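Notes follow the structure.
The values are calculated or read from the model by the stated rules, or taken from the named source; none is laboratory data. The shown structure was predicted, so the numbers you read here are calculated from the model rather than taken from an experiment. Backbone-built Cβ (ideal geometry, glycine too); neighbour counts: all protein chains shown.
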Amino acid sequence: MSTADRGPLRLGTRKSLMATTQSQLVADALTEATGHAVQLVGVTTEGDVSKALLAQIGGTGVFVNALRDRLLAGEVDFAVHSLKDLPTGPADGIALAATPARDDPRDALCGPCKLADLPRGARVGTGSPRRVAQLRALRPDLDVVAIRGNADTRLRKVADGELDAVVLAHAGLRRIGRLDAVAEVFDPDQMLPAPGQGSLALECRADRDDLRALLGTVDDPMTRACVTAERTVLAVLEGGCSAPVGTYAAEVEEELHLTAAVAAIDGGRQIRMSASGHPDDAEQLGRDLAHRLLAQGADQLMGERD
Ligand SMILES: NCc1[nH]cc(CCC(=O)O)c1CC(=O)O
């Protein structure tokens, strides 16, 4: 039976507002491109129920595995993830069928004022070692506080006065309609985003050629090249060091321009490098840059992941 005979496509998604909003955007784009109806199926993942800090429960994969299980069981036809939540390694039987055009990849400060205007010792919340390291490099005097929870929960800690500010992804804030909370959008020169930040990933079973072709209608090749370069940097560095990694790839005059940095968690030292190449060579570009970072001592910046 072909895809067209099965009724609506079943889209597996986490149940948070951010996830369902981005999944609905994808559903609408697919219906527009192919005429197929798409139905959202909410799935609870380990990352949604665990009280432990993400870094402590292993970080990668906690938002992803339950959705992949549903794909493999044939309970949903495809899944939409935030690409930055996907582990860099391949998953057996699963294909990355599309990366739609990327949203703003940058990080944003949410609080009463810009970072430079926060008082000495201000309490700034984030759960990400990458953001911790870069915040401490920019403002060593800040009291950087580990937090987790969804974006709304984090913003509430600022509203309640428990924290002075929090750092969140601009793309996520836009999806939940909370750009009003943004005091400053960080230039990648100040704070390099997470590999894949602002991008979505559509996954389906690798053996479903019909679905791969259908989902491919919403793929954006330049986004795929950018996130491939960024994720390859992360994949290579994960083997060589556990320090926080930031990356940013973008199209510059038809070339792919990639910047990556590894930062000590205490903010003390940072190694940052850039490279350009053809978008078709994204993976090689990422691999070469990661090896250059390692040659500069990236693996010695290993710190605790706090
Ligand atoms: N780790 C959770 C997560 N996964 C994706 C986003 C934001 C949206 C995106 O990057 O696409 C967020 C929240 C955040 O970092 O503020």
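Among residues of region 174-197 being within 17 Å of residue 24 (Cβ to Cβ) and within 16 Å of the chain's Cα centre (by Cα), the one that is nearest to the ligand (Cβ to nearest atom) is 175. Inspection of region 141-153 finds no residue satisfying the criterion of being outside any loop (DSSP other than H, G, I, E, B), closer than 28 Å to residue 218 by Cβ and at pLDDT 95 or above. Answer yes if at least one residue in region 237-255 is closer than 25 Å to residue 25 by Cβ and away from the ligand (no atom under 16 Å from the Cβ), and no otherwise. Yes, region 237-255 has at least one match. Among the residues of region 64-108, those that are away from the ligand (no atom under 16 Å from the Cβ) and among the β-branched types (Val, Ile, Thr) comprise 76, 94.
With respect to residue 194, determine if the residue is in contact (Cβ under 8 Å) with a residue 40 or more places away in the chain and within 15 Å of residue 18 (Cα to Cα). No: the conditions fail for residue 194. Of everything in region 15-30 that is at pLDDT 95 or above and more than 13 Å from residue 202 (Cα to Cα), the residue that is surrounded by the most Cβ atoms within 10 Å (Cβ to Cβ) is 20.
Among the residues in region 136-151, are any touching a residue at least 24 places away in the same chain (Cβ under 8 Å), in contact with a Leu (Cβ under 8 Å, 6 or more places away or on another chain), over 24 Å from residue 263 (Cα atoms) and of a type in the set (S, T, N, Q)? Yes, because at least one residue in region 136-151 is touching a residue at least 24 places away in the same chain (Cβ under 8 Å), in contact with a Leu (Cβ under 8 Å, 6 or more places away or on another chain), over 24 Å from residue 263 (Cα atoms) and of a type in the set (S, T, N, Q). Restricting region 193-228 to residues that are of a type outside the set (D, E, K, R) and in a strand (DSSP E or B) leaves a set whose member that is surrounded by the fewest Cβ atoms within 10 Å (Cβ to Cβ) is 201. What are the residues in region 116-130 that are away from the ligand (no atom under 16 Å from the Cβ) and surrounded by 16 or more Cβ atoms within 10 Å (Cβ to Cβ), if any? Answer for region 116-130, where residues must be away from the ligand (no atom under 16 Å from the Cβ) and surrounded by 16 or more Cβ atoms within 10 Å (Cβ to Cβ): 118, 122, 123.
Among strands (runs of 3 or more DSSP E) entirely within region 82-135, having at least 2 residues that are within 16 Å of residue 66 (Cα to Cα) and modelled with pLDDT of 95 or more singles out 94-98.
Residue check: is residue 240 at pLDDT 95 or above, out of contact with any Gly (no Cβ under 8 Å at 6 or more places or on another chain) and farther than 30 Å from residue 72 by Cβ? The answer is no for residue 240.
Of a type in the set (Lys, Arg) and modelled with pLDDT under 95, is that true of residue 287? Considered against the rule, which asks whether it is of a type in the set (Lys, Arg) and modelled with pLDDT under 95, residue 287 comes out as no.
The residues on offer are 212, 287, 269, 292, and the sole one that is outside the structural domain of residue 174 (by TED's automatic domain parsing), under 23 Å from residue 71 (Cα atoms) and among the basic types (Lys, Arg) is 212.
The rows are residues; the columns are (1) closer than 18 Å to residue 105 by Cα; (2) free of Cβ contacts under 8 Å to residues at least 40 places away in the same chain; (3) part of a loop (DSSP other than H, G, I, E, B).
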site	(1), (2), (3)
234	yes, no, no
238	no, no, no
251	yes, yes, no
258	yes, yes, no
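Set side by side, the residues 168, 179, 155, 135 differ, and just one is of a type in the set (A, V, I, L, M) and more than 24 Å from residue 81 (Cα to Cα), which is 135.
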